[in-house]
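Student: Sharing a structure here in structure tokens format.
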């Protein structure tokens with residue numbers, strides 16, 4: 001049997017990606033929370049607290065998502081918890097002020113997004129062969145990141161037509177509801193698709209120990225660091241743009257455009273290359289984008305360029321290390337590795353904004369950018385170290401032979 005032939009039809013996978021895009025709009029709209037809460041008298045620290053509330057509930061989501069998948073099916077579990085994304089988006093729009101009720105809706109967001117973000121890659125891993133995973137992970141993450149990037153653009157479009165920023169959250173809720181309905185319908189179609197990989201989705205301490213004792217621990221750490229970079233820059237991009245008299249929509253246009261085009265034009269080439277070399281190069285591009293944000297951006301052109309570099313570097317790095325997390329784990333623990341991969345991502349993307357907001361309020365945007373740069377460089381050094389270790393190990397093997 002040829003590993004080049006996908007086990008899922010293009011139509012089904014296309015609907016899967018569309019549903020993923022629609023659900024992702026709800027998370028993307030949270031990048032407007034800083035703007036929304038600021039208009040109600042709050043600051044970046046308040047916004048970071050709401051976003052980071054989601055980190056607590058994602059822990060529960062990651063733990064229970066595997067059990068839900070085994071009990072109800074992954075697509076139907078995503079649909080059920082996707083309703084919480086609808087509720088969270090509506091809650092952000094309807095809640096007055098910036099009190100504890102927003103924290104509650106942040107928790108709902110974490111539950112819904114956590115189940116979706118965890119089970120989505122597991123569906124892909126079960127539908128395609130290991131050789132195809134990097135390619136199909138790229139298509140899935142491209143759909144999700146396009147939705148994430150579109151969320152803030154809804155806010156910019158709303159303001160352009162004279163509507164308040166809350167209109168973006170209403171639209172995100174409507175889009176997420178459509179995504180819920182699509183995932184509910186996909187359940188029966190995915191059940192008919194033959195699976196080349198039999199997996200158990202539940203996580204256990206034994207499986208966790210096996211995964212973290214393998215090479216899969218490196219991409220799991222990297223996705224957490226990358227999540228810090230992405231969460232720190234995106235969650236407070238409205239504040240960054242305002243500090244430099246720029247339009248924040250340029251960031252999301254540049255980021256989303258680069259993420260989409262890189263997947264269409266070069267993702268197929270990247271996934272065929274050596275994964276460690278590719279992740280080293282791409283994480284270096286991501287670190288370079290942070291340098292631009294920190295020291296170079298002073299015009300619309302440089303702003304868009306930095307955003308495009310982040311879109312290419314972060315977007316493609318994520319796809320590559322997602323494949324590494326699935327393929328470098330011990331046999332029979334692929335699903336558990338992907339669960340830990342998602343958990344690490346959530347710690348970074350939801351946990352870091354709390355610290356980032358505090359840094360902005362107490363020390364300023366410049367200090368935050370330097371902190372994010374240090375994280376980006378550490379992320380790059382992990383892949384560089386792995387490449388050097390592999391070369392040394394290969395040289396030793398040749399000498400012994």
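Student: Could you please find all residues in region 281-299 being surrounded by fewer than 17 Cβ atoms within 10 Å (Cβ to Cβ) and part of a loop (DSSP other than H, G, I, E, B)?
Tutor: 298, 299
Student: Mind telling me which of the residues 312, 271 ends up being farther than 18 Å from residue 221 by Cα, crowded, with 19+ Cβ neighbours inside 10 Å and modelled with pLDDT under 90? Walk me through it before giving the result.
Tutor: Working: 312 fails: modelled with pLDDT under 90.
Every option except 271 fails the conditions.
Student: Please tell me if residue 224 is outside any loop (DSSP other than H, G, I, E, B) and either at pLDDT below 90 or under 18 Å from residue 322 (Cα atoms) (or both). Walk me through how you get there before you give the answer.
Tutor: Numbers: outside any loop (DSSP other than H, G, I, E, B): yes; either at pLDDT below 90 or under 18 Å from residue 322 (Cα atoms) (or both): yes.
Answer is yes for this residue.
Student: Kindly list the number of the only condition in (1) farther than 16 Å from residue 350 by Cβ; (2) crowded, with 24+ Cβ neighbours inside 10 Å; (3) at pLDDT 90 or above that fails for residue 69.
Tutor: Here residue 69 clears every test but (3).
The values are calculated or read from the model by the stated rules, or taken from the named source; none is laboratory data. Treat the numbers as computed from the prediction; the structure is a model and nothing was measured. Cβ coordinates were reconstructed from backbone atoms using ideal geometry, including for glycine residues, and neighbour counts include every protein chain displayed.
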